[in-house]
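Everything on this sheet refers to the single structure shown next.
What follows is calculated from the coordinates using simple rules that are stated; it is not laboratory data. Predicted, not measured: the structure shown is a model, and the values here were computed from it.
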Amino acid sequence: RASPTIRPNQSEATAVAGGSASTPRAHRADHSLSSLSLVLGLDAVVAVGTRRPLTTVLAADHGETIRGGKRGHGWNLKTSGIRIPLAVSAPGLTVGRSTALASLVDVFPTVLAATGTPIDGRSDGISLIRLAAEGSLGVPRLPIVETWRLDLDGTALRDRLAVVGATHKLVHDFVGGTTRFLTLEEQTVDPQFAADMHAQMKNRLADYVVDAHGPIAMVE
């Protein structure tokens, strides 16, 4: 975020996934081929795993949001747009589902752990293998997600960043200059816990952006 010139351009940041009734036939065919490639790829992974120890991570780069009858991503930071499938298979792990909060930033340290490569203290992530085996590790997880849209001269039309926890989300809008503290869907939490989480998230947000933006005013 240090320089707007290295951000994706408008078309990259707001690309809409295909598959609707109005999607050109070539795009629908492309999605079908992608699904077939995924199946064949997973079959190949399973075959390799029967011959040697193998760690596999299956993930998506974004979620999807329905808006105006269209399916896409990058419009906002709603849960549907930022929640992704994330699965890991590794020697010693049992089949199951973990409730630990995970993020794509955990993929990199997972690869390092699987290959026996030392992990330095600069990574925001935690090995998914460790998370799956040991749970949350007692460490509060507050991953960062963001979306933006620029016009042709680089001016931000949309620029939002969110700190996400297991129960709450803090969303800052750089264009509008507002900050919203939201309780995630179907969550009931103690008011004091919510107040403590709010404070932690504000500190996390400020720490993340201060180098690129300078101090920010959180108008709530």
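Evaluating 6.51 cos²θ - 1.76 cosθ + 1.60 at θ = phi - 60° for every residue in the range 79-92, the Karplus couplings come out as 4, 4, x, 10, 7, 10, x, 8, 10, 9, 10, 8, x, x Hz, glycine and proline recorded as x. Proximity of backbone amide H atoms, modeled 1.01 Å from N, is registered between L150 and Q10, L157 at under 5 Å, excluding neighbours fewer than 5 places apart on the same chain. Shape of the range 78-128 from the C-alpha gyration tensor: oblate (a/c of 1.5 or more and a/b not above b/c, with a ≥ b ≥ c the square roots of its eigenvalues). Under a 5 Å amide H cut-off, with hydrogens placed 1.01 Å from N, H168 pairs with L184 among residues at least 5 apart or on other chains.
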